[in-house]
Amino acid sequence: MDLCEATVRLAAAERADLLLVHHGLFWGGPKPLTGPAHRRVAGLFAANIALYSAHLPLDLHPEVGNNVVLARQLGVTVCGEFGEEYGVRIGVWGELDAPRAALEQALRTVLGVQARVMPFGPERVRRVGVVTGGAGSMIAQAAAAGLDTYVTGEGAHHTFFDAEELGLNVFYAGHYATETVGVKALAAHLAAQFGLPWTFLHHPTGL
């Protein structure tokens, strides 16, 4: 999921020649390759490992993207897009006729985590939006799209009141956990396309 010293070591131990990650090397523009950044790159060079990172493009990809893959794994029938970032809609929404508790259980089954639930929408879930990662700031956009339930990874403290006052069910299932699905789906696609073996390197943050 993340490029860090630990995942470079894990990739080297697997004798990988390509490391595919969601969160890459640079955040907020290029920076000098010193300290931890240097050690990450030096580890890749030492083990002769190529790096490919896909952040927002992987979030919104219509086939192997985090949002659409997680929605489908939860049993949501995807109907459209919502949630704008940098002028592009990155989230998906769809239909699911199920009790709120069933969606909570589905998240536990699919991601292996206990989601934090803000149960301010209807007990029976019908219109669900998904934006993985740290997209709690999009609760208002989910409400504006006519959704009753919103699934994401995490959000700031004040988003509790956004959910409460807008009357939405909101599930925080973890930034790390919700964004593991895209890299796995992309790796499986590459394996099928080119006959490449792959393995997922698990280095959870718990966040």
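If you filter the stretch 138-167 down to residues that are among the aliphatic types (A, V, I, L, M) and more than 17 Å from residue 100 (Cβ to Cβ), you find that the one that is nearest to the chain's Cα centre (by Cα) is 138.
Summed over the stretch 44-67, the residues that are buried (at least 17 other Cβ atoms within 10 Å of the Cβ) and either among the hydroxyl-bearing types (Ser, Thr, Tyr) or without any contact (Cβ under 8 Å) to a residue 24 or more places away in the chain (or both) give a count of 1. Take the conditions (1) crowded, with 17+ Cβ neighbours inside 10 Å; (2) without any contact (Cβ under 8 Å) to a residue 40 or more places away in the chain; residue 7 misses just one of them, which is (2). Scanning the stretch 11-20 for residues that are assigned to a helix (DSSP H, G or I) and surrounded by fewer than 17 Cβ atoms within 10 Å (Cβ to Cβ) returns 12, 13. Residue-level check: of (1) exposed (fewer than 13 other Cβ atoms within 10 Å of the Cβ); (2) assigned by TED's automatic domain parsing to the domain that holds residue 62; (3) within 30 Å of residue 20 (Cβ to Cβ); (4) not hydrophobic (A, V, I, L, M, F, W, C), residue 158 misses just (3). Within the stretch 22-54, the residues that satisfy the criterion of being in contact with a helix residue (DSSP H, G or I) (Cβ under 7 Å, 6 or more places away or on another chain) and outside any helix (DSSP H, G or I) are 22, 25, 31, 33, 47, 49, 51.
Which residue pairs have Cβ atoms under 7 Å apart, sit 6 or more places apart or on different chains, and have a first residue in the stretch 124-137 that is within 16 Å of residue 97 (Cβ to Cβ) and a second that is among the charged types (D, E, K, R) and assigned to a strand (DSSP E or B)? Final answer for the pair search is 126/95; 126/97; 127/95. Residue 75 fulfils the conditions (1) assigned to a loop (DSSP other than H, G, I, E, B); (2) touching a Phe, Trp or Tyr at 6+ places or on another chain (Cβ under 9 Å); (3) surrounded by 15 or more Cβ atoms within 10 Å (Cβ to Cβ); (4) of a type outside the set (D, E, K, R) except for a single criterion, (2).
The values are calculated or read from the model by the stated rules, or taken from the named source; none is laboratory data. Worth saying up front: this structure is predicted, and the values here are computed from it rather than measured. A quick note on method: Cβ atoms are made from the backbone with ideal geometry, for glycine too, and the neighbour counts reach across all protein chains shown.
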